[in-house]
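Right, one structure below, let's go through it.
The values are calculated or read from the model by the stated rules, or taken from the named source; none is laboratory data. Since we're looking at a predicted model, the values are computed, not measured. Neighbour counts are summed over all protein chains in view; Cβ atoms, including those assigned to glycine, are modelled from backbone coordinates with ideal geometry.
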Amino acid sequence: MPSAGSKEEVFVSYVNESTNTFYVQLSKDAEALNALMDAVHEHCTGGAGQQLAFEDRKPATPCCALYEDGGWYRAVILNCFVEDAVVSNHSLLTLKLKMLV
């Protein structure tokens, strides 16, 4: 973590205009972050990723969720219904359960 008063090159990775919040990533960590996101994608789309078992579909369960941009992101289940779940990462989404791993 950079020390107070130091300068670092960053890039904006997420903007939520409705709440005027944003997230930045350190540019020097971009390669490691991309490798991590590639590994998450491989896990979720490959043989290792399996749809959450019915008994695991409960609030506070961490999961990977497929977002509209086609990327898999870490999320947590806030509420779960028969076919849908409300999850949170940077925003609240209602997703089909087959979109959670």
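Results, tabulated for the structure shown:
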{"item": "Test: residue in region 58-79 that is surrounded by 12 or more Cβ atoms within 10 Å (Cβ to Cβ), of a type in the set (Lys, Arg) and at pLDDT 75 or above", "result": "yes"}
{"item": "All strands (runs of 3 or more DSSP E) inside region 1-67 with 2 or more residues being in contact with a helix residue (DSSP H, G or I) (Cβ under 9 Å, 6 or more places away or on another chain) and closer than 28 Å to Asn79 by Cβ", "result": "62-66"}
{"item": "Of residues in region 1-52 being hydroxyl-bearing (Ser, Thr, Tyr) and loosely packed, with under 10 Cβ neighbours inside 10 Å, the one modelled with the highest pLDDT", "result": "Ser6"}
{"item": "Failed item in (1) at pLDDT below 80; (2) over 17 Å from the mean Cα position of the chain (by Cα); (3) surrounded by 11 or more Cβ atoms within 10 Å (Cβ to Cβ), with Glu55 passing the rest", "result": "(3)"}
{"item": "Condition check for Val24: farther than 28 Å from Cys80 by Cβ and of a type in the set (A, V, I, L, M, F, W, C)", "result": "yes"}
